[in-house]
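Please treat every number below as a calculation from the coordinates, not as lab data. The shown structure was predicted, so the numbers you read here are calculated from the model rather than taken from an experiment. Cβ coordinates were reconstructed from backbone atoms using ideal geometry, including for glycine residues, and neighbour counts include every protein chain displayed.
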């Protein structure tokens, strides 16, 4: 069972495996894709035309992403624990 990771901007949940798929499709590393997801949110998964607007908890999600960095499992768990 995989956990969802919320977009750092709008909170839309995505399966963590999406980042692996994107890394394979773009010949990028998982770390590069994770960093881009933390920075750009939904746009990396849904396409650049996606309108991703900040929700009320976007600052908290961004702060967690900055603090946890490569620990994407921790990011997924903490955002779930705190309903972010």
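State all residues of the stretch 53-83 that are touching a helix residue (DSSP H, G or I) at 6+ places or on another chain (Cβ under 7 Å) and more than 16 Å from residue 4 (Cβ to Cβ); if no residue qualifies, say none.
70 - this is the single residue of the stretch 53-83 that is touching a helix residue (DSSP H, G or I) at 6+ places or on another chain (Cβ under 7 Å) and more than 16 Å from residue 4 (Cβ to Cβ).
Residues in the stretch 24-52 that are closer than 19 Å to residue 3 by Cβ, surrounded by fewer than 16 Cβ atoms within 10 Å (Cβ to Cβ) and in contact with a helix residue (DSSP H, G or I) (Cβ under 8 Å, 6 or more places away or on another chain): 30 only.
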